[in-house]
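The values are calculated or read from the model by the stated rules, or taken from the named source; none is laboratory data. Please read these numbers as outputs of a predicted model, since none were measured by experiment. For neighbour counting, all protein chains shown are included, and Cβ atoms are generated from backbone atoms with ideal geometry for every residue, glycine included. Quick note on the areas: whole protein, heavy atoms, side chains included, nothing else; ligands and nucleic acids left out. Shrake-Rupley method; radii C 1.70, N 1.55, O 1.52, S 1.80 Å.
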Amino acid sequence: MATLVRSSEHLLAVCCTVEMSRSGALLAAEPFRGEEALAEPLRVPLTDLGFPATIRERQNGFRPKVPDALKAMFEWLGDQADGPEALWIQLAYGAETLGAYPWEEVFSDTCGRAILRVPNFVRPGYTPASDRPIAICGATPRAKGIEDWGDALLDLLDSLPVFENRDIVLFHGDDMVPDPVRDLDRLGQSYPHFRFLRAPLPDAADAPARARTIPQSGEVSNPWLTWMADALGPEGAHAVHFLCPGYASNTHGALALPESPLFDRDAQWSRFVGAQELIRFCDTIGAQLVTLTALGGPQWSTGLRLLLNEMSWRRPGPLLLNLRQRDHQLTAAFHALAGEPFYPDPAPGLVFSVHPKAISAAESVAAFQTITRGVRTATFAPSAPPSGNTQGTGHPAPFGMPEDLSTASPETQTSDSALALPAELQRTLDQIGSARPKSRTQEARDQGALRALEFVSKLTGGDFGGGTGR
(Lines give C-alpha, C1' and ligand atoms only; values in the text may rest on other atoms or scores of the structure.)
Protein backbone atom coordinates (compact mmCIF):
# COMPACT_ATOMS: atom_id res chain seq x y z
CA MET A 1 0.00 0.00 0.00
CA ALA A 2 2.95 2.35 0.49
CA THR A 3 3.48 2.27 -3.28
CA LEU A 4 -0.14 3.30 -3.82
CA VAL A 5 0.26 6.20 -1.39
CA ARG A 6 3.43 7.36 -3.10
CA SER A 7 1.84 7.12 -6.54
CA SER A 8 -1.56 8.62 -5.72
CA GLU A 9 -0.07 11.54 -3.79
CA HIS A 10 2.64 12.14 -6.42
CA LEU A 11 5.37 12.14 -3.77
CA LEU A 12 9.02 12.90 -4.40
CA ALA A 13 10.43 9.80 -2.76
CA VAL A 14 13.26 7.32 -2.52
CA CYS A 15 12.11 3.69 -2.53
CA CYS A 16 14.61 1.52 -0.68
CA THR A 17 14.79 -2.25 -0.97
CA VAL A 18 17.33 -4.93 -0.09
CA GLU A 19 18.70 -7.17 -2.84
CA MET A 20 21.03 -10.12 -2.62
CA SER A 21 24.15 -10.55 -4.71
CA ARG A 22 27.11 -12.90 -4.71
CA SER A 23 29.10 -10.36 -2.73
CA GLY A 24 26.37 -9.85 -0.12
CA ALA A 25 23.26 -7.78 0.61
CA LEU A 26 22.75 -4.54 -1.30
CA LEU A 27 20.67 -1.44 -0.77
CA ALA A 28 18.73 -0.52 -3.93
CA ALA A 29 17.63 3.12 -3.70
CA GLU A 30 15.38 4.31 -6.53
CA PRO A 31 14.13 7.91 -6.82
CA PHE A 32 10.48 8.43 -7.81
CA ARG A 33 8.06 11.20 -8.57
CA GLY A 34 4.76 9.48 -7.88
CA GLU A 35 4.72 6.26 -9.88
CA GLU A 36 7.42 7.41 -12.30
CA ALA A 37 11.01 6.35 -11.67
CA LEU A 38 13.42 9.24 -12.14
CA ALA A 39 16.52 7.08 -12.57
CA GLU A 40 17.89 3.58 -12.34
CA PRO A 41 18.28 2.28 -8.77
CA LEU A 42 21.49 3.11 -6.98
CA ARG A 43 22.96 -0.08 -5.50
CA VAL A 44 25.22 0.10 -2.46
CA PRO A 45 26.49 -2.76 -0.26
CA LEU A 46 24.83 -2.70 3.16
CA THR A 47 28.28 -2.79 4.70
CA ASP A 48 28.93 0.63 3.11
CA LEU A 49 26.00 1.92 5.19
CA GLY A 50 27.62 0.56 8.34
CA PHE A 51 25.60 -2.65 8.71
CA PRO A 52 27.81 -5.40 10.17
CA ALA A 53 28.73 -8.30 7.93
CA THR A 54 29.90 -10.79 10.55
CA ILE A 55 28.82 -11.93 14.01
CA ARG A 56 31.94 -10.38 15.51
CA GLU A 57 31.06 -7.02 13.94
CA ARG A 58 27.48 -7.26 15.22
CA GLN A 59 28.85 -7.40 18.76
CA ASN A 60 30.28 -3.92 18.24
CA GLY A 61 26.86 -2.48 17.40
CA PHE A 62 25.58 -0.55 14.39
CA ARG A 63 27.69 2.42 13.36
CA PRO A 64 26.13 4.24 10.38
CA LYS A 65 28.23 5.28 7.40
CA VAL A 66 27.32 7.65 4.55
CA PRO A 67 28.22 6.51 1.00
CA ASP A 68 29.12 9.44 -1.25
CA ALA A 69 26.84 8.25 -4.06
CA LEU A 70 23.83 8.07 -1.74
CA LYS A 71 24.56 11.53 -0.38
CA ALA A 72 24.72 12.86 -3.94
CA MET A 73 21.30 11.36 -4.67
CA PHE A 74 19.70 13.17 -1.74
CA GLU A 75 21.42 16.45 -2.68
CA TRP A 76 20.00 16.14 -6.18
CA LEU A 77 16.52 15.24 -4.95
CA GLY A 78 16.52 18.26 -2.65
CA ASP A 79 16.95 20.44 -5.74
CA GLN A 80 14.00 18.78 -7.47
CA ALA A 81 11.45 19.52 -4.74
CA ASP A 82 8.64 21.99 -5.42
CA GLY A 83 8.52 24.80 -2.86
CA PRO A 84 7.34 23.62 0.57
CA GLU A 85 7.63 19.95 -0.28
CA ALA A 86 9.10 17.24 1.87
CA LEU A 87 11.20 14.35 0.64
CA TRP A 88 9.83 10.91 1.42
CA ILE A 89 11.46 7.58 2.26
CA GLN A 90 9.66 4.36 1.35
CA LEU A 91 11.17 1.30 3.02
CA ALA A 92 9.85 -1.68 1.10
CA TYR A 93 8.43 -4.82 2.64
CA GLY A 94 11.28 -7.23 3.27
CA ALA A 95 13.74 -4.41 3.92
CA GLU A 96 13.13 -4.20 7.67
CA THR A 97 16.88 -3.99 8.28
CA LEU A 98 16.91 -0.54 6.70
CA GLY A 99 14.63 0.71 9.45
CA ALA A 100 17.69 0.89 11.71
CA TYR A 101 19.48 3.38 9.44
CA PRO A 102 19.21 7.05 10.55
CA TRP A 103 17.93 8.40 7.21
CA GLU A 104 16.65 11.67 8.59
CA GLU A 105 19.69 12.38 10.72
CA VAL A 106 22.11 11.71 7.88
CA PHE A 107 20.31 13.23 4.88
CA SER A 108 17.81 15.87 6.08
CA ASP A 109 20.41 18.65 6.10
CA THR A 110 21.89 17.26 2.89
CA CYS A 111 18.67 17.68 0.93
CA GLY A 112 17.71 20.86 2.78
CA ARG A 113 14.25 19.74 3.88
CA ALA A 114 12.38 17.35 6.13
CA ILE A 115 12.38 13.66 5.28
CA LEU A 116 9.13 11.82 6.03
CA ARG A 117 8.20 8.13 5.93
CA VAL A 118 5.60 6.79 3.49
CA PRO A 119 2.99 4.80 5.47
CA ASN A 120 1.40 1.53 4.42
CA PHE A 121 -2.21 2.74 4.46
CA VAL A 122 -4.30 4.57 1.88
CA ARG A 123 -6.23 6.47 4.55
CA PRO A 124 -4.64 8.92 7.03
CA GLY A 125 -6.01 7.20 10.13
CA TYR A 126 -6.02 10.50 12.02
CA THR A 127 -8.62 13.09 13.01
CA PRO A 128 -7.21 16.10 14.89
CA ALA A 129 -10.53 17.20 16.43
CA SER A 130 -10.62 15.44 19.79
CA ASP A 131 -10.84 16.56 23.41
CA ARG A 132 -9.78 13.21 24.85
CA PRO A 133 -6.74 13.16 27.18
CA ILE A 134 -3.09 12.89 26.22
CA ALA A 135 -1.19 10.09 27.99
CA ILE A 136 2.51 10.54 28.74
CA CYS A 137 4.62 7.75 30.18
CA GLY A 138 8.14 8.44 31.46
CA ALA A 139 10.15 5.31 32.24
CA THR A 140 13.90 4.96 32.75
CA PRO A 141 15.07 1.39 33.46
CA ARG A 142 18.07 0.88 35.73
CA ALA A 143 19.58 -1.48 33.16
CA LYS A 144 20.11 1.44 30.75
CA GLY A 145 21.77 3.69 33.33
CA ILE A 146 19.34 6.54 32.61
CA GLU A 147 17.83 8.46 35.50
CA ASP A 148 16.03 11.63 34.41
CA TRP A 149 13.32 12.31 31.83
CA GLY A 150 12.33 15.78 33.05
CA ASP A 151 13.97 17.75 30.23
CA ALA A 152 12.44 15.43 27.63
CA LEU A 153 9.00 16.01 29.16
CA LEU A 154 9.39 19.80 29.07
CA ASP A 155 10.48 19.64 25.43
CA LEU A 156 7.37 17.60 24.65
CA LEU A 157 5.09 20.02 26.50
CA ASP A 158 6.69 22.98 24.71
CA SER A 159 5.73 21.31 21.43
CA LEU A 160 2.05 20.90 22.34
CA PRO A 161 0.52 24.40 22.33
CA VAL A 162 -2.00 23.36 19.69
CA PHE A 163 -3.72 20.93 22.07
CA GLU A 164 -5.28 23.56 24.33
CA ASN A 165 -7.55 22.87 27.30
CA ARG A 166 -6.61 19.22 27.32
CA ASP A 167 -6.08 16.83 30.21
CA ILE A 168 -2.59 15.35 30.34
CA VAL A 169 -2.30 12.14 32.34
CA LEU A 170 1.23 11.39 33.56
CA PHE A 171 2.40 7.82 34.16
CA HIS A 172 5.67 7.15 35.98
CA GLY A 173 7.10 4.87 38.61
CA ASP A 174 7.04 5.61 42.31
CA ASP A 175 10.79 6.25 42.48
CA MET A 176 11.14 7.71 38.97
CA VAL A 177 9.91 11.28 39.49
CA PRO A 178 11.96 14.07 37.88
CA ASP A 179 11.84 17.58 39.37
CA PRO A 180 9.38 19.12 36.86
CA VAL A 181 6.78 16.48 37.77
CA ARG A 182 7.01 16.61 41.56
CA ASP A 183 4.72 19.65 41.85
CA LEU A 184 1.90 19.46 39.30
CA ASP A 185 0.43 22.78 40.41
CA ARG A 186 3.66 24.55 39.54
CA LEU A 187 3.86 22.63 36.27
CA GLY A 188 0.32 23.78 35.50
CA GLN A 189 1.32 27.41 36.06
CA SER A 190 4.00 27.03 33.37
CA TYR A 191 1.50 25.41 30.98
CA PRO A 192 -1.89 26.94 31.86
CA HIS A 193 -3.63 25.49 28.79
CA PHE A 194 -3.18 21.96 30.17
CA ARG A 195 -4.66 20.25 33.19
CA PHE A 196 -2.14 17.79 34.63
CA LEU A 197 -3.22 14.59 36.32
CA ARG A 198 -1.01 11.96 37.92
CA ALA A 199 -2.23 8.42 37.44
CA PRO A 200 -2.46 6.59 40.79
CA LEU A 201 -0.10 3.66 41.00
CA PRO A 202 -1.57 0.17 40.71
CA ASP A 203 -2.05 -1.92 43.82
CA ALA A 204 0.05 -4.69 42.30
CA ALA A 205 2.18 -5.04 39.19
CA ASP A 206 4.22 -8.19 38.69
CA ALA A 207 7.35 -7.93 36.58
CA PRO A 208 7.62 -9.97 33.38
CA ALA A 209 10.31 -12.62 33.28
CA ARG A 210 13.71 -11.48 32.06
CA ALA A 211 14.24 -12.18 28.34
CA ARG A 212 16.75 -11.26 25.66
CA THR A 213 14.20 -11.46 22.88
CA ILE A 214 11.29 -9.14 22.11
CA PRO A 215 7.83 -10.62 22.72
CA GLN A 216 5.93 -11.11 19.45
CA SER A 217 2.54 -11.69 21.02
CA GLY A 218 -0.31 -9.27 20.41
CA GLU A 219 -1.53 -9.70 23.99
CA VAL A 220 -1.20 -6.63 26.25
CA SER A 221 0.61 -8.09 29.24
CA ASN A 222 3.36 -5.65 30.22
CA PRO A 223 2.46 -4.13 33.61
CA TRP A 224 3.11 -0.58 32.39
CA LEU A 225 0.61 -0.95 29.54
CA THR A 226 -2.06 -2.74 31.58
CA TRP A 227 -1.79 -0.03 34.25
CA MET A 228 -2.15 2.74 31.67
CA ALA A 229 -5.13 1.10 29.98
CA ASP A 230 -6.91 0.58 33.31
CA ALA A 231 -6.22 4.14 34.49
CA LEU A 232 -7.41 5.75 31.24
CA GLY A 233 -10.61 3.72 31.30
CA PRO A 234 -13.23 3.69 28.55
CA GLU A 235 -12.37 7.23 27.39
CA GLY A 236 -8.84 6.18 26.48
CA ALA A 237 -6.50 8.80 25.03
CA HIS A 238 -6.22 10.76 21.80
CA ALA A 239 -2.41 10.50 21.84
CA VAL A 240 0.14 8.51 23.78
CA HIS A 241 3.78 9.47 24.31
CA PHE A 242 6.55 7.28 25.68
CA LEU A 243 9.75 8.82 27.04
CA CYS A 244 12.12 5.88 27.29
CA PRO A 245 15.08 4.13 25.64
CA GLY A 246 14.75 1.37 23.07
CA TYR A 247 16.06 -2.11 22.42
CA ALA A 248 16.88 -3.88 19.16
CA SER A 249 16.92 -7.60 18.43
CA ASN A 250 17.58 -8.63 14.83
CA THR A 251 15.13 -6.59 12.74
CA HIS A 252 12.71 -5.96 15.62
CA GLY A 253 12.62 -3.00 17.96
CA ALA A 254 10.99 -2.41 21.33
CA LEU A 255 10.39 0.00 24.17
CA ALA A 256 12.81 -0.72 27.01
CA LEU A 257 10.93 -0.23 30.29
CA PRO A 258 11.61 -0.87 33.99
CA GLU A 259 10.36 -4.11 35.51
CA SER A 260 7.09 -2.55 36.69
CA PRO A 261 5.72 0.83 37.81
CA LEU A 262 6.21 -0.26 41.45
CA PHE A 263 9.83 -1.44 41.38
CA ASP A 264 12.88 -1.95 39.18
CA ARG A 265 15.48 -4.15 40.80
CA ASP A 266 17.06 -5.64 37.67
CA ALA A 267 20.19 -3.64 36.86
CA GLN A 268 21.09 -5.81 33.86
CA TRP A 269 17.95 -6.22 31.73
CA SER A 270 15.02 -4.00 30.90
CA ARG A 271 11.57 -5.34 30.02
CA PHE A 272 10.57 -5.04 26.38
CA VAL A 273 7.37 -4.07 24.56
CA GLY A 274 7.39 -4.96 20.86
CA ALA A 275 5.34 -3.63 17.98
CA GLN A 276 2.45 -6.10 18.19
CA GLU A 277 1.82 -5.56 21.89
CA LEU A 278 2.15 -1.78 21.57
CA ILE A 279 -0.25 -1.73 18.62
CA ARG A 280 -2.84 -3.73 20.55
CA PHE A 281 -2.45 -1.32 23.49
CA CYS A 282 -2.90 1.74 21.25
CA ASP A 283 -5.99 0.15 19.72
CA THR A 284 -7.35 -0.55 23.20
CA ILE A 285 -7.09 3.09 24.34
CA GLY A 286 -8.01 4.45 20.90
CA ALA A 287 -4.81 6.46 20.45
CA GLN A 288 -4.61 8.05 17.00
CA LEU A 289 -1.15 9.53 17.52
CA VAL A 290 1.89 7.69 18.91
CA THR A 291 5.07 9.54 19.82
CA LEU A 292 8.35 8.14 21.14
CA THR A 293 11.11 10.23 22.71
CA ALA A 294 14.48 8.48 22.77
CA LEU A 295 16.28 8.67 26.12
CA GLY A 296 19.94 7.86 26.57
CA GLY A 297 22.68 7.58 23.98
CA PRO A 298 22.42 6.73 20.28
CA GLN A 299 22.93 3.04 21.04
CA TRP A 300 19.43 2.93 22.56
CA SER A 301 17.65 4.73 19.71
CA THR A 302 18.14 2.01 17.06
CA GLY A 303 15.48 -0.13 18.70
CA LEU A 304 12.98 2.75 18.58
CA ARG A 305 13.70 3.31 14.88
CA LEU A 306 12.98 -0.36 14.17
CA LEU A 307 9.87 -0.25 16.34
CA LEU A 308 8.45 2.76 14.49
CA ASN A 309 9.16 1.17 11.11
CA GLU A 310 7.43 -2.07 12.11
CA MET A 311 4.40 -0.22 13.49
CA SER A 312 4.08 1.83 10.29
CA TRP A 313 3.47 -1.42 8.40
CA ARG A 314 0.84 -2.67 10.82
CA ARG A 315 -1.18 0.32 12.05
CA PRO A 316 -2.53 3.48 10.38
CA GLY A 317 -2.03 6.90 11.92
CA PRO A 318 0.94 9.22 12.53
CA LEU A 319 4.03 7.88 14.27
CA LEU A 320 6.76 10.15 15.61
CA LEU A 321 10.20 9.51 17.04
CA ASN A 322 11.98 12.46 18.66
CA LEU A 323 15.76 12.06 18.86
CA ARG A 324 16.82 15.63 19.71
CA GLN A 325 14.82 16.91 22.64
CA ARG A 326 16.28 20.43 22.81
CA ASP A 327 15.70 21.24 19.12
CA HIS A 328 11.88 21.36 19.43
CA GLN A 329 11.51 19.49 16.14
CA LEU A 330 8.24 17.97 17.31
CA THR A 331 6.55 21.38 17.20
CA ALA A 332 6.22 21.60 13.41
CA ALA A 333 4.85 18.06 13.23
CA PHE A 334 2.23 18.62 15.94
CA HIS A 335 1.11 21.91 14.41
CA ALA A 336 0.79 20.25 10.99
CA LEU A 337 -1.32 17.45 12.44
CA ALA A 338 -3.60 20.11 13.92
CA GLY A 339 -4.25 21.49 10.42
CA GLU A 340 -1.68 24.27 10.30
CA PRO A 341 0.67 24.66 7.31
CA PHE A 342 3.58 22.27 7.23
CA TYR A 343 6.85 23.81 6.10
CA PRO A 344 9.38 21.01 5.75
CA ASP A 345 12.52 22.62 7.13
CA PRO A 346 15.34 20.14 7.78
CA ALA A 347 14.57 18.02 10.83
CA PRO A 348 17.45 15.58 11.36
CA GLY A 349 16.24 14.62 14.83
CA LEU A 350 12.71 13.63 13.82
CA VAL A 351 11.39 10.37 12.36
CA PHE A 352 7.85 10.99 11.11
CA SER A 353 5.66 8.36 9.46
CA VAL A 354 2.46 10.01 8.27
CA HIS A 355 -0.04 9.97 5.43
CA PRO A 356 0.45 13.05 3.20
CA LYS A 357 -3.19 14.03 3.59
CA ALA A 358 -2.74 14.42 7.34
CA ILE A 359 -0.24 17.26 6.84
CA SER A 360 -1.18 18.70 3.45
CA ALA A 361 -2.25 22.11 4.73
CA ALA A 362 0.83 23.78 3.24
CA GLU A 363 -0.19 22.67 -0.26
CA SER A 364 -2.98 24.09 -2.37
CA VAL A 365 -6.34 22.48 -1.65
CA ALA A 366 -6.41 21.28 -5.24
CA ALA A 367 -2.79 20.16 -5.27
CA PHE A 368 -3.47 16.49 -4.79
CA GLN A 369 -6.43 14.28 -5.72
CA THR A 370 -6.48 10.80 -4.23
CA ILE A 371 -7.28 9.00 -7.45
CA THR A 372 -5.70 5.60 -7.90
CA ARG A 373 -3.54 6.86 -10.77
CA GLY A 374 -2.10 9.61 -8.57
CA VAL A 375 -3.05 12.66 -10.64
CA ARG A 376 -1.45 15.94 -9.64
CA THR A 377 -3.37 19.11 -10.47
CA ALA A 378 -1.83 22.41 -9.51
CA THR A 379 1.68 22.31 -8.13
CA PHE A 380 3.19 23.75 -11.29
CA ALA A 381 1.89 25.73 -14.25
CA PRO A 382 0.45 23.57 -17.08
CA SER A 383 3.03 24.95 -19.51
CA ALA A 384 5.99 24.38 -17.21
CA PRO A 385 7.96 21.11 -17.05
CA PRO A 386 7.70 19.02 -13.93
CA SER A 387 10.34 19.47 -11.26
CA GLY A 388 12.07 16.22 -12.16
CA ASN A 389 13.28 17.71 -15.44
CA THR A 390 16.91 18.80 -15.31
CA GLN A 391 17.19 19.87 -18.94
CA GLY A 392 18.49 23.37 -19.35
CA THR A 393 19.32 23.78 -15.64
CA GLY A 394 23.02 23.07 -15.97
CA HIS A 395 22.75 20.62 -13.08
CA PRO A 396 24.88 17.54 -13.72
CA ALA A 397 23.21 14.19 -13.37
CA PRO A 398 24.75 12.64 -10.24
CA PHE A 399 25.30 9.01 -9.17
CA GLY A 400 24.98 7.77 -12.76
CA MET A 401 21.60 9.35 -13.50
CA PRO A 402 20.70 9.97 -17.14
CA GLU A 403 20.95 13.61 -18.23
CA ASP A 404 17.39 13.69 -19.57
CA LEU A 405 14.85 13.18 -16.81
CA SER A 406 12.08 15.10 -18.55
CA THR A 407 8.56 13.72 -18.47
CA ALA A 408 5.25 14.60 -19.99
CA SER A 409 3.04 16.97 -18.03
CA PRO A 410 0.69 15.09 -15.68
CA GLU A 411 -2.97 14.92 -16.45
CA THR A 412 -5.27 17.24 -14.58
CA GLN A 413 -8.39 16.30 -12.72
CA THR A 414 -11.23 18.61 -11.75
CA SER A 415 -14.43 17.95 -9.90
CA ASP A 416 -17.64 19.96 -9.84
CA SER A 417 -18.66 18.55 -6.48
CA ALA A 418 -17.22 16.82 -3.43
CA LEU A 419 -19.76 14.08 -2.86
CA ALA A 420 -19.20 11.54 -0.11
CA LEU A 421 -18.07 8.08 -1.09
CA PRO A 422 -20.90 5.53 -0.77
CA ALA A 423 -20.68 3.72 2.56
CA GLU A 424 -20.22 0.25 1.04
CA LEU A 425 -17.37 1.46 -1.17
CA GLN A 426 -15.82 3.28 1.77
CA ARG A 427 -15.76 0.08 3.82
CA THR A 428 -14.23 -1.82 0.92
CA LEU A 429 -11.56 0.85 0.49
CA ASP A 430 -10.67 0.73 4.16
CA GLN A 431 -10.37 -3.06 3.96
CA ILE A 432 -7.91 -2.71 1.08
CA GLY A 433 -5.61 -0.65 3.33
CA SER A 434 -5.15 -3.60 5.64
CA ALA A 435 -2.68 -3.66 8.51
CA ARG A 436 -0.43 -6.36 7.13
CA PRO A 437 2.44 -5.91 4.68
CA LYS A 438 1.69 -6.91 1.10
CA SER A 439 3.61 -8.90 -1.43
CA ARG A 440 4.06 -7.41 -4.89
CA THR A 441 1.30 -9.68 -6.19
CA GLN A 442 -1.07 -8.51 -3.46
CA GLU A 443 -0.20 -4.87 -4.13
CA ALA A 444 -0.99 -5.33 -7.83
CA ARG A 445 -4.28 -6.99 -6.92
CA ASP A 446 -5.15 -4.13 -4.56
CA GLN A 447 -4.28 -1.54 -7.18
CA GLY A 448 -6.64 -3.23 -9.62
CA ALA A 449 -9.34 -3.28 -6.94
CA LEU A 450 -8.90 0.42 -6.31
CA ARG A 451 -9.22 1.21 -10.00
CA ALA A 452 -12.42 -0.82 -10.12
CA LEU A 453 -13.73 1.05 -7.08
CA GLU A 454 -12.89 4.34 -8.73
CA PHE A 455 -14.94 3.36 -11.77
CA VAL A 456 -17.89 2.27 -9.65
CA SER A 457 -17.67 5.44 -7.54
CA LYS A 458 -17.93 7.58 -10.66
CA LEU A 459 -21.06 5.70 -11.68
CA THR A 460 -22.60 6.22 -8.23
CA GLY A 461 -21.50 9.82 -7.73
CA GLY A 462 -18.67 9.11 -5.30
CA ASP A 463 -15.26 10.73 -5.24
CA PHE A 464 -12.06 9.39 -3.72
CA GLY A 465 -10.57 12.88 -3.47
CA GLY A 466 -10.07 14.87 -0.29
CA GLY A 467 -10.70 12.11 2.27
CA THR A 468 -9.61 12.81 5.83
CA GLY A 469 -9.67 9.30 7.21
CA ARG A 470 -11.69 7.74 9.97
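Could you give me the ³J(HN,Hα) list for segment 135-146, computed from phi with Karplus coefficients 6.51, -1.76, 1.60 and θ = phi - 60°, whole Hz, x at Gly and Pro?
Couplings: 9, 10, 10, x, 9, 10, x, 4, 4, 8, x, 10 Hz.
Sorted by average packing, counted as other Cβ atoms within 10 angstrom per residue and highest first, what order do 197-210, 338-351 take?
Descending mean neighbour count gives 338-351, 197-210.
For segment 284-335, what does the alpha-carbon gyration tensor say about shape, rounded, prolate or oblate, given a ≥ b ≥ c as the root eigenvalues, a/c under 1.5 as rounded, and a/b over b/c as prolate?
Oblate, because a/c is 1.5 or more while a/b does not exceed b/c.
Taking the Cβ of Asp203 as the centre, find all other residues whose Cβ is under 15 Å away and add up their charges (Lys, Arg: +1; Asp, Glu: -1).
-3
So how do 108-121, 268-281 stack up, highest first, on mean other-Cβ count within 10 Å?
By packing density, highest mean first, the sequence is 108-121, 268-281.
Whole-Hz ³J(HN,Hα) for each residue in segment 21-30, computed from phi via Karplus 6.51 cos²θ - 1.76 cosθ + 1.60 with θ = phi - 60°, x for glycine and proline: what do you get?
9, 5, 8, x, 6, 10, 7, 10, 10, 10
Can you list residues whose amide H is under 5 Å from Ile89's amide H, if they're 5+ apart or on another chain and H is modeled 1.01 Å from N?
Val14, Leu116, Arg117, Val118
Please list the non-local residues whose amide H lies under 5 Å from the amide H of Ala248, H modeled 1.01 Å from N, same-chain partners needing a gap of 5 or more.
HN-HN under 5 Å from Ala248: Gly303.
Could you work out how much longer the chain between Thr251 and Asp158 gets when fully extended? Use 0.36 nm per residue separation minus the Cα distance between them, nm to one decimal.
Full-extension gain reported as 30.2 nm.
What net charge do the residues around Asp68 carry, taking every other residue with its C-beta under 13 Å from that of Asp68, with Lys and Arg at +1 and Asp and Glu at -1?
Every neighbour counted, the sum reads 0.
For Arg198, enumerate residues with amide H under 5 Å from its amide H, sequence gap 5+ or separate chain, H modeled in the peptide plane.
Leu170
Can you list the HN-Hα couplings for segment 328-343, worked out from phi with the Karplus curve (6.51, -1.76, 1.60; θ = phi - 60°), rounded to whole Hz and with x for Gly and Pro?
Each residue of segment 328-343 in turn: 6, 7, 6, 4, 4, 5, 5, 5, 5, 5, 8, x, 7, x, 9, 10 Hz.
Just to verify a number: FRET efficiency for Glu75 and Asp203, C-beta to C-beta distance, R0 = 60 Å, to 0.05?
The computed FRET efficiency comes out at 0.55.
Before I look further, what does segment 93-169 give for accessible area per residue, probe 1.4 Å, in whole square angstrom?
It amounts to 32 Å² per residue over segment 93-169.
What shape does segment 31-144 have by the C-alpha gyration tensor, where a ≥ b ≥ c are the square roots of the eigenvalues, rounded means a/c under 1.5, and otherwise prolate means a/b greater than b/c and oblate the rest?
Oblate.
Which residues does a label at Val177 reach in segment 199-229, if reach means a backbone N under 14 Å from a point 7 Å past the Cα toward the Cβ?
Only 199-202 fall inside the zone, counting backbone N under 14 Å.
By its C-alpha gyration tensor, with a ≥ b ≥ c as the square roots of the eigenvalues, how is segment 83-232 shaped: rounded for a/c under 1.5, else prolate for a/b larger than b/c, else oblate?
oblate
If we count every other residue with Cβ under 11 angstrom of Pro346's Cβ, Lys/Arg +1 and Asp/Glu -1, where does the sum land?
It works out to a net charge of -4.
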